[in-house]
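Notes for the one structure printed next.
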Amino acid sequence: MMPDTTTTADAVQEAVQWLLDRQSPAGWWVGELETNVTMTAEHVLLLQFLGVDITPIRDGAIRHILGKQREDGSWGLYYDAPGDLSTTIEAYAALKVLGVDPGSEPMTGALRLIQELGGVARARVFTKIWLALFGEYPWAGVPSMPPELVYAPPSVPFNLYDFACWARGTVAPLLIVLSHKPVRPLGVSLSELVVPGTESSLRRVPGSGPFWWTDKLLKLYERLPVQPGRAQARRKIVDWVIDHQEADGSWGGIQPPWVYSLIALNLEGMSLDHPVMQRGLRGLDGFALQDDEQGWRLQACMSPVWDTAWAILALRRAGLPSDHPALTLAVDWILGEQITGGGDWQVKCDEPVCGGWAFEFENDGYPDIDDTAVVVVALLEAEVGAKGNEAIERAEQWLMAMRSDNGAWAAFDRNNTRTLLYRLPFADFGAMIDPPSEDVTAHVVEMLAMLGAGPDDRRVAPALAYLRETQTADGAWFGRWGVNYVYGTWCVVTALARLGAGQELIERAIAWLRAMQNPDGGWGESCHSYEDASFAGVGISTPSQTAWAVISFQAAGHDHDDACQRGLAFLRERQVNGTWEEAEYTGTGFPRDFYINYHLYRHLFPTMALAQSLRDEEPRVSLESEEVN
């Protein structure tokens, strides 16, 4: 812990140098995107299914998975989460495939917990699918979905474009998998995952009502010796999947559609030496990390555009001039990442030209609204001038075209709000749709305010009404893509302050943040607040969440508030070797189901908060060396 005598200027200078030391020679920053062990476990199962040698990753994968096991034998969805049944089942299965002794203490502890929680019969659908691929779970107990869905036009319920982009990219290849119902050798038995007395329930799809009966009818159809048109429907999906592969071999730049696309294409006869399969497998290697401490693990995604935009903002907030070599390099790289081609977003949007940015290195088919708004804010803060004007204009035009009918913005799609999808027996895990959210909308509003929009501007007024309606009774806002109410509140407060509107909303939000401050001066919120909203703002203090709260105070003009000053002291005191430590997960993939520890969050936002506190009190930081390392 840094001594109390360390000044804010010292802390900021160390933080800036730490960040500069980690910039890529190409100009970008990217931190590890840590999720849970299912990413590594499912990769092991994928390689086993495809017949790819797992020897090169065996020792590292074992070290990683065992390193994340809890004392009770479980694995969880985030750092301090309770044991999760499905995550524990997948970890156990992968370890057994990797050759870990089933009689060892980690394995017996995991099995004991799995059985206490009801065994595989109570696992989520995607876990059952992974086991069914190897005959360790009956396909009869997996919900059916017909590949003929690929023919449904966008106006018809349950068409592919009703699903959010991440779900769409996963569902499309899964239609092939569910049609084939393959069984390949696992090399080990997992019969112990079935709790005695639950055998009969394995072959039943949970649920009731019309969708349950539809599943029963589909299963009857699947038993017919002839299924007219089914093979043709699968071929159409194959074409769709191939068309959606990215330049780096991924699908959607994220793990779920990627692995199921590889499985589906292989089931349709595509060999491992086919260029599409080769690109896909090589691309997965690029998402892997390995070191002596944590072993071999697969990231669910990578976040270079997002991380770089926030790094630009942090460095500018710290006072680096816009012509600093690090900023020039970062700006040039990020301008080169703007997407101008088409994508699935055009299905519900008439805009012919894109102007957005994606989250990843390669995801041109799915630019997202959140990244685009934050990138434009970063470009404006970096004073890019003429070289960025055209890019900013294209981005604004695209974002306005992507606004949903309620005046707010979602992450990837426009008007993707058909909640009927959640009634499908298949939909027991993850977000299926992409409705507008408070945090994404706030980032767009902040961007528009920086471009000159006022509260009554037609581009902003509907969004402002949406944000007014979505503020909770306590004064907070929900955070869809960050944990949770602290994140959402920070996003909205900074946007409203930039806009110069909603002062009464801001004051209510600040009062809520003040009330939720921990005795140590920090703020924290567990992912459990997605399960139970009464835990909003409740949790162990973290650097990233403390910084979000502090920045909210600063934006609202309450920078001299005692709560803000205590938050700044928390950040100063906990800086270690120029950065901060944070084991907690403060990023969100799917509320209640999938969470993220962005390893740069712990650094970027505390740097911004501390740097902002210097603006009116001390000279800005100046580095002895301005060379990019």
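The values are calculated or read from the model by the stated rules, or taken from the named source; none is laboratory data. As the structure is a prediction and not an experimental result, all values here were calculated from the model. Positions of Cβ are backbone-derived with ideal geometry, glycine not excepted, and every protein chain shown enters the neighbour counts.
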- Query: Quick one: would you say ASP239 is part of a helix (DSSP H, G or I), charged (D, E, K, R) and either modelled with pLDDT of 95 or more or touching a Ser or Thr at 6+ places or on another chain (Cβ under 7 Å) (or both)?
  - Reply: yes
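Take VAL377 and decide whether it is in a loop (DSSP other than H, G, I, E, B) and either β-branched (Val, Ile, Thr) or farther than 23 Å from GLU246 by Cβ (or both). Before you say what the answer is, go through the steps one by one.
Details: in a loop (DSSP other than H, G, I, E, B): no; either β-branched (Val, Ile, Thr) or farther than 23 Å from GLU246 by Cβ (or both): yes.
So VAL377 does not fit the description; no.
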- Note on the structure: Matching residues in the stretch 89-123 (touching a helix residue (DSSP H, G or I) at 6+ places or on another chain (Cβ under 8 Å) and within 17 Å of VAL188 (Cα to Cα)) number 18
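Return the residue satisfying two criteria in turn: it lies in the stretch 174-184 and is in contact (Cβ under 8 Å) with a residue 60 or more places away in the chain and part of a loop (DSSP other than H, G, I, E, B), and of such residues it is nearest to PRO102 (Cα to Cα). Before you say what the answer is, go through the steps one by one.
Here is the first cut: in the stretch 174-184, the ones in contact (Cβ under 8 Å) with a residue 60 or more places away in the chain are 174-177, 180, 182, 184.
Filter once more, so that each one left must be part of a loop (DSSP other than H, G, I, E, B): 182, 184.
Numbers: PRO182: 26, ARG184: 21 Å.
Restricting to residues being in contact (Cβ under 8 Å) with a residue 60 or more places away in the chain and part of a loop (DSSP other than H, G, I, E, B), the top hit is ARG184.
Counting only residues that are part of a loop (DSSP other than H, G, I, E, B) and β-branched (Val, Ile, Thr), which one in the stretch 202-226 is surrounded by the most Cβ atoms within 10 Å (Cβ to Cβ)?
Within the stretch 202-226, the first condition is being part of a loop (DSSP other than H, G, I, E, B), and the residues that meet it are 204-209, 223-226.
Okay, now just the ones that are also β-branched (Val, Ile, Thr), so 205, 226.
Details: VAL205: 19, VAL226: 5.
Step by step, filter the stretch 202-226, then rank; the result is VAL205.
Could you please find all residues in the stretch 187-201 being closer than 20 Å to ALA110 by Cβ, assigned to a loop (DSSP other than H, G, I, E, B) and of a type in the set (Gly, Ala, Ser)? I'd like the intermediate steps shown before the answer.
First pass over the stretch 187-201, keeping only residues closer than 20 Å to ALA110 by Cβ: 187-196, 198.
Then drop every residue that is not assigned to a loop (DSSP other than H, G, I, E, B), which leaves 187-190, 194-196, 198.
Within the stretch 187-201, GLY187, SER189 qualify.
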- Message: Give me the residue from the stretch 466-491 that is among the aliphatic types (A, V, I, L, M) and either under 16 Å from the mean Cα position of the chain (by Cα) or surrounded by fewer than 21 Cβ atoms within 10 Å (Cβ to Cβ) (or both) and, out of that set, nearest to ARG508 (Cα to Cα).
- Response: ALA473
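Would you mind finding the one in GLY283, GLY249 that is farther than 13 Å from THR170 by Cα, in contact with a Ser or Thr (Cβ under 7 Å, 6 or more places away or on another chain) and touching a residue at least 24 places away in the same chain (Cβ under 8 Å)? I'd like the intermediate steps shown before the answer.
Numbers: GLY249 fails: in contact with a Ser or Thr (Cβ under 7 Å, 6 or more places away or on another chain).
Going through GLY283, GLY249 in turn, just one is farther than 13 Å from THR170 by Cα, in contact with a Ser or Thr (Cβ under 7 Å, 6 or more places away or on another chain) and touching a residue at least 24 places away in the same chain (Cβ under 8 Å): GLY283.
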- Task: Could you grab me the full set of residues in the stretch 284-325 that are among the acidic types (Asp, Glu) and not in a helix (DSSP H, G or I)?
- Result: ASP291, ASP292, GLU293, ASP323
- Item | the stretch 516-564: number of residues that are surrounded by 24 or more Cβ atoms within 10 Å (Cβ to Cβ), outside any loop (DSSP other than H, G, I, E, B) and under 21 Å from the mean Cα position of the chain (by Cα) | 7
- From the option list ILE129, ILE57, single residue qualifying as more than 23 Å from THR588 (Cβ to Cβ) and touching a strand residue (DSSP E or B) at 6+ places or on another chain (Cβ under 7 Å) is ILE57
- Query: Give me the pairs: first residue in the stretch 514-531 and under 15 Å from ARG574 (Cα atoms) and of a type in the set (A, V, I, L, M), second residue modelled with pLDDT of 95 or more and part of a loop (DSSP other than H, G, I, E, B), beta-carbon distance under 8 Å, and six or more apart or on different chains, which are they?
  - Reply: none
- Message: Please pick out the residue among ARG414, ARG468 that is in contact with a helix residue (DSSP H, G or I) (Cβ under 8 Å, 6 or more places away or on another chain), at pLDDT 95 or above and not in a helix (DSSP H, G or I).
- Response: ARG414
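Hey, any hits in the stretch 500-513 for a residue that's within 18 Å of ALA408 (Cα to Cα) and either buried (at least 20 other Cβ atoms within 10 Å of the Cβ) or not aliphatic (A, V, I, L, M) (or both)?
Step one: filter the stretch 500-513 for residues within 18 Å of ALA408 (Cα to Cα), giving 501-502, 505.
Add one more test, that the residue is either buried (at least 20 other Cβ atoms within 10 Å of the Cβ) or not aliphatic (A, V, I, L, M) (or both), and what stays is 501-502.
Yes: the stretch 500-513 contains one or more residues that are within 18 Å of ALA408 (Cα to Cα) and either buried (at least 20 other Cβ atoms within 10 Å of the Cβ) or not aliphatic (A, V, I, L, M) (or both).
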